[in-house]
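Asks: Right, I'll just put the structure down here and ask away after.
The values are calculated or read from the model by the stated rules, or taken from the named source; none is laboratory data. As the structure is a computational prediction, the values presented were derived from the model and not from experiment. All Cβ positions, even for glycine, are placed from backbone atoms using ideal geometry, and neighbour counts span all protein chains on display. Protein only, heavy atoms only, side chains kept; ligands, DNA and RNA dropped before computing areas. Shrake-Rupley method; radii C 1.70, N 1.55, O 1.52, S 1.80 Å.
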Amino acid sequence: MARLPTRLLAAAVLVIVIAGCGSREDPVAVEPGTAAIEWAPCGTIECAPFRVPLDRAVTSFGFGKTIELRAYRQLSSAEGSRHLPLIIHPGGPGADVRAAVEGARTLLAPIIDDFDVYALSTRGAIDGTAFDCGNSLADLLIIDIDKAAAERFAADCKERSGELIGRIGTRDSVDDLEQFRRTLGFDKIRFLGWSYGATLGATWAMTYPRSIRAMVLDAPVDPREKWPTLMKQRADRARSLYVALLHDAAEAEPKLPRLTSREVGLAREYVLYEGGLDLLKTAIAQGGKKFAELAHLRLGVTPQGVNDGGIETQIGVHCSDESQSDALEAVRMAEPEPWVGFGATFDRICVQLGGSRRPLRDLTVDSSSDSVEVMVVSTSGDHVVTTEQSVSLAQSMRWKSVVIDGRRHLTVGFDAVATKKAMAFLAVGD
């Protein structure tokens, strides 16, 4: 699933650090062949390299090729803290997990005082073995009108990161989290995830339910759902929201400049992201130049005009999760002008990269997953993940569902009611 624009993630990432309650979890033996984590100071928190097998299907840990992730933690310094372990994931994929851990104490005080917060970076993220497709984003900006652009971009990915293709998906990341949990020495763990992080958490609960003490998932989708289905639902929501915004803008300013079809396509894509609604209103009023700025924000162009690396992580994970047939279906999906816009950018590249080793929708669900303590939180007016998508997941898994009234994406840490409900849920049990 697409993520928040990298530079717009800053505010969202800082609130992605709610914790779980209960007594300290019982330690278990560290996974054989796994080296202990050597924590070192990283500003206000601690960090450490964390190596995982590149491909667990063909190697055992300790043998064969490995890649590097980054682990982060911040232990509570509050007097009388129970030091309850919580793993968080701010989404993306590839969001700044370090920033999420750094922001926990400030944003969630005093609730967070009882918890030690941990996080593990996503496979392919720039703070580990990065999925690198070069420094230029020019091909992504024209991929809907230049049929060779996807081929050029994919060729760069293969040249720079060929061994990672198909090996940095969500199911691989879940196995990494299991390794991380065992290395930390906890029998069971609490987890809090946002957006893609919530989908990652759902996949973890479905795969390793006995490892989870409690879990809160803010705006997940069902990992078993076909991507083209999710994409269509997302595009429909974005399109209706865009039309409403355009109508409101026209009411306020009848002489708005006429937008090109590509600008309309970008607008529909951009309204999906945090902060996008306000920026889109401005773009509608100001026309083409402002839409070009939105394109750069969407694709992670820094103020210096260079690629910040986030878009490659998204592409690498998405293509590792998506079957070739689903990628082709997404690219061929009928859509009003523009024919594709920016919505199927990733899928066009996935077609060029080849099929996934472990498609996410082929996930086999453990029979005891419906007994895990999971709360799914969604928002009635979410413009990224529809309420129906999150609620359907909760119902199919017999997990608790909470719907917050509002028009925004993500609520835990942003909305007082959602945060209180999430914390109360995580506080249950030993």
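Asks: Only one residue in Phe191, Phe186 is more than 30 Å from Gln352 (Cβ to Cβ), open to solvent by 10 Å² or more (accessible area, probe 1.4 Å), among the hydrophobic types (A, V, I, L, M, F, W, C) and not in a helix (DSSP H, G or I). Which one?
Replies: Phe186
Asks: Follow-up question, since we're still on this one. Considering each residue of the range 378-426, count those that are touching a Leu at 6+ places or on another chain (Cβ under 6 Å) and closer than 19 Å to Gly201 by Cα, and give that number.
Replies: Here the count works out to 1.
Asks: Looking at Val58 and the list (1) β-branched (Val, Ile, Thr); (2) touching a helix residue (DSSP H, G or I) at 6+ places or on another chain (Cβ under 6 Å); (3) surrounded by fewer than 19 Cβ atoms within 10 Å (Cβ to Cβ), which single condition is not satisfied?
Replies: (2)
Asks: While we're on this one: So, in the range 62-77, how many residues would count as being within 21 Å of the chain's Cα centre (by Cα), open to solvent by 10 Å² or more (accessible area, probe 1.4 Å) and in contact (Cβ under 8 Å) with a residue 60 or more places away in the chain?
Replies: Counting residues in the range 62-77 that are within 21 Å of the chain's Cα centre (by Cα), open to solvent by 10 Å² or more (accessible area, probe 1.4 Å) and in contact (Cβ under 8 Å) with a residue 60 or more places away in the chain gives 1.
Asks: Can you tell me which residues in the range 43-54 are open to solvent by 20 Å² or more (accessible area, probe 1.4 Å) and assigned to a strand (DSSP E or B)?
Replies: Once the filter is applied, which keeps residues that are open to solvent by 20 Å² or more (accessible area, probe 1.4 Å) and assigned to a strand (DSSP E or B), the range 43-54 yields Glu46, Pro49, Arg51.
Asks: For residues that are open to solvent by 40 Å² or more (accessible area, probe 1.4 Å) and β-branched (Val, Ile, Thr), scanning just the range 130-153, find the one that is farthest from the chain's Cα centre (by Cα).
Replies: Restricting to residues being open to solvent by 40 Å² or more (accessible area, probe 1.4 Å) and β-branched (Val, Ile, Thr), the top hit is Ile145.
Asks: In the range 107-127, how many are surrounded by 22 or more Cβ atoms within 10 Å (Cβ to Cβ) and either at positive phi or of a type in the set (Gly, Ala, Ser) (or both)?
Replies: Selection size over the range 107-127: 4.
Asks: Just to be sure I understand, how many residues within the range 194-219 are out of contact with any Lys or Arg (no Cβ under 9 Å at 6 or more places or on another chain), of a type in the set (A, V, I, L, M, F, W, C) and assigned to a helix (DSSP H, G or I)?
Replies: Final tally of qualifying residues: 5.
Asks: I've got another one for you. Looking at Leu177, Leu200, which is the one that is of a type in the set (A, V, I, L, M) and over 19 Å from Phe425 (Cβ atoms)?
Replies: None of the others qualify; the one that does is Leu177.
Asks: What do you reckon, is Asp172 closer than 18 Å to Cys319 by Cα, of a type outside the set (A, V, I, L, M, F, W, C) and out of contact with any His (no Cβ under 7 Å at 6 or more places or on another chain)?
Replies: Criteria met by Asp172.
Asks: Quick check, is Thr170 modelled with pLDDT of 95 or more and closer than 18 Å to Pro90 by Cβ?
Replies: So Thr170 passes the test.
Asks: For the range 301-413, which fully contained helices (runs of 4 or more DSSP H) count at least 1 residues that are at pLDDT 90 or above, in contact with a strand residue (DSSP E or B) (Cβ under 7 Å, 6 or more places away or on another chain) and surrounded by fewer than 22 Cβ atoms within 10 Å (Cβ to Cβ)?
Replies: 387-397
Asks: Conditions: (1) free of Cβ contacts under 8 Å to residues at least 60 places away in the same chain; (2) under 24 Å from the mean Cα position of the chain (by Cα); (3) surrounded by fewer than 24 Cβ atoms within 10 Å (Cβ to Cβ). Gly80 meets all but one. Number of the miss?
Replies: Here Gly80 meets the rest and fails (2).
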